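Please read the structure below before turning to the comments.
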Amino acid sequence: MLYTTHPSPLGELLIAGPRPGVLASVTVPGQKGGAAVGPGWRREDAAFAGARRQFDAYFAGELKEFELELAPRGTEFRQRVWSALDRVAYGSTITYGRLAALAGLPPRSVRAVGGAVGANPLTVIRPCHRVLGADGSLTGYAGGLDRKRHLLSLEGVLLGA
């Protein structure tokens, strides 16, 4: 696995992937279930230069949609939820129930959908921060609710947050 780190308003991002330009994981410090540099990982900053530029543009408010090759690992169910999550537009939010429906899943699967969202290995890129509780509340975010607030404020969803 190749990796690099990159400063961001959320803390030092750990960006990793199987080959140059292909991302399998993006995590923030202290992220619940987040990746950590493992044995055999090799630091290669140039391998993710494009991703680093896109992160800088996103955090500067200049980029609304990432254009990166992604290769996250997950079950078929998680991949289905993550694919639906990818369709939640910049500056908008969705509830877990609506995300389940968007993924073509029954309402009874909402807890499992929450688990898939929480297991998202591509924080920021795959917008799990845009998912809210049924009542519109800011619930669960593996990187912490302060980071979720920051991202939603950046996207204009939360004003004055």
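The values are calculated or read from the model by the stated rules, or taken from the named source; none is laboratory data. Everything quoted here is computed from the prediction, not taken from an experiment. Every residue, glycine as well, gets a Cβ built from its backbone with ideal geometry; the counts of neighbours run over all protein chains shown. Just the protein is used for accessible areas: all its heavy atoms, side chains included, with ligands, DNA and RNA removed. Shrake-Rupley method; radii C 1.70, N 1.55, O 1.52, S 1.80 Å.
Given the options Arg147, Arg108, Arg73, name the one that is in a helix (DSSP H, G or I), under 21 Å from Thr5 (Cα atoms) and basic (Lys, Arg).
Details: Arg108 fails: under 21 Å from Thr5 (Cα atoms); Arg73 fails: in a helix (DSSP H, G or I).
When all the criteria are applied, what remains is Arg147.
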Q.
Quick test for you: out of Glu69, Glu65, pick the one residue that is farther than 24 Å from Gly144 by Cα, under 15 Å from the mean Cα position of the chain (by Cα) and open to solvent by 40 Å² or more (accessible area, probe 1.4 Å).
A. Glu69
Q) Looking at (1) at negative phi; (2) part of a loop (DSSP other than H, G, I, E, B); (3) modelled with pLDDT of 95 or more; (4) touching a helix residue (DSSP H, G or I) at 6+ places or on another chain (Cβ under 8 Å), can you tell me which one Ile125 breaks? A) (4)
**Q.** Enumeration of residues in the range 33-59 that are out of contact with any Phe, Trp or Tyr (no Cβ under 9 Å at 6 or more places or on another chain), within 22 Å of Tyr141 (Cα to Cα) and either surrounded by fewer than 14 Cβ atoms within 10 Å (Cβ to Cβ) or modelled with pLDDT under 95 (or both)
**A.** Gly33, Gly34, Ala36
Q: Give the range 90-124 a look and list any residue that's within 17 Å of Gln31 (Cβ to Cβ), of a type in the set (A, V, I, L, M) and surrounded by 22 or more Cβ atoms within 10 Å (Cβ to Cβ), or say none.
A: Ala116, Val117, Leu122, Val124
Q. If Arg87 passes every condition in (1) open to solvent by 50 Å² or more (accessible area, probe 1.4 Å); (2) modelled with pLDDT of 95 or more; (3) part of a helix (DSSP H, G or I) but one, which one does it miss?
A. (3)
Q) Name the pairs: first residue in the range 45-60 and among the β-branched types (Val, Ile, Thr), second residue surrounded by fewer than 18 Cβ atoms within 10 Å (Cβ to Cβ), Cβ to Cβ under 6 Å, at least 6 apart or on different chains? A) none
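Residues checked against (1) closer than 13 Å to Gly91 by Cα; (2) β-branched (Val, Ile, Thr):
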{"position": "Gly118", "(1), (2)": "no, no"}
{"position": "Pro127", "(1), (2)": "yes, no"}
{"position": "Thr139", "(1), (2)": "no, yes"}
{"position": "Asp146", "(1), (2)": "no, no"}
{"position": "Leu158", "(1), (2)": "yes, no"}
Q. Restricting the first residue to the range 135-160 and requiring it to be in contact (Cβ under 8 Å) with a residue 60 or more places away in the chain and closer than 21 Å to Thr27 by Cβ, which pairs with a second residue that is part of a helix (DSSP H, G or I) and open to solvent by 40 Å² or more (accessible area, probe 1.4 Å) meet a Cβ separation below 7 Å and a spacing of at least six or different chains?
A. Ala142/Gly118
